[in-house]
Amino acid sequence: MKASGGSYIITVIEDTSTKKIVGNVVLHVELKFLQPSVKRGRLEDIAVLESLMDVTTILCKKVGCFRVSLHCKDKFVPLYQKFGFYIDEPENIMWLDKNYLQS
């Protein structure tokens with residue numbers, strides 16, 4: 001990750017009262033091959049509280065992601081839908097609504 005030139009952004013939330021990590025997510029920002037000015041975000045290694053998803057979607061906008069995707073188990077689909085993700089059935093991928101990223 002260090003050698004990637006900053007394309008991985010790690011977010012960790014700690015409960016300072018208990019000194020325990022309560023959430024983490026990795027945002028991998030990719031430049032598209034055919035459109036190098038377009039960035040795609042891929043969310044990975046998600047262990048999440050709802051407050052972390054708010055931070056993560058804002059971060060995706062800040063770094064200029066045009067598309068953001070994640071893979072998740074079926075039981076987590078309703079959680080991510082609350083943050084603007086929708087499921088693409090044929091690919092079994094959840095995408096963040098483009099309108100959110102461009103607002």
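The values are calculated or read from the model by the stated rules, or taken from the named source; none is laboratory data. These figures come from a predicted structure and were not determined experimentally. Heads up, the Cβs are rebuilt from the backbone with ideal geometry, glycines too, and the neighbour counts pull from every protein chain shown. These accessible areas exclude ligands, DNA and RNA; they are computed on the full protein's heavy atoms, side chains included. Shrake-Rupley method; radii C 1.70, N 1.55, O 1.52, S 1.80 Å.
Of all residues in region 1-57, how many are open to solvent by 50 Å² or more (accessible area, probe 1.4 Å), within 20 Å of residue 94 (Cβ to Cβ) and of a type in the set (Asp, Glu)?
Final tally of qualifying residues: 4.
What residue, among those in region 50-103 that are among the β-branched types (Val, Ile, Thr) and more than 24 Å from residue 14 (Cα to Cα), is modelled with the lowest pLDDT?
Of region 50-103, the ones among the β-branched types (Val, Ile, Thr) are 55-58, 63, 68, 77, 87, 93.
Filter again for more than 24 Å from residue 14 (Cα to Cα), leaving 68, 77, 87, 93.
Values: 68: 88, 77: 86, 87: 87, 93: 80.
By that ranking, first place goes to 93.
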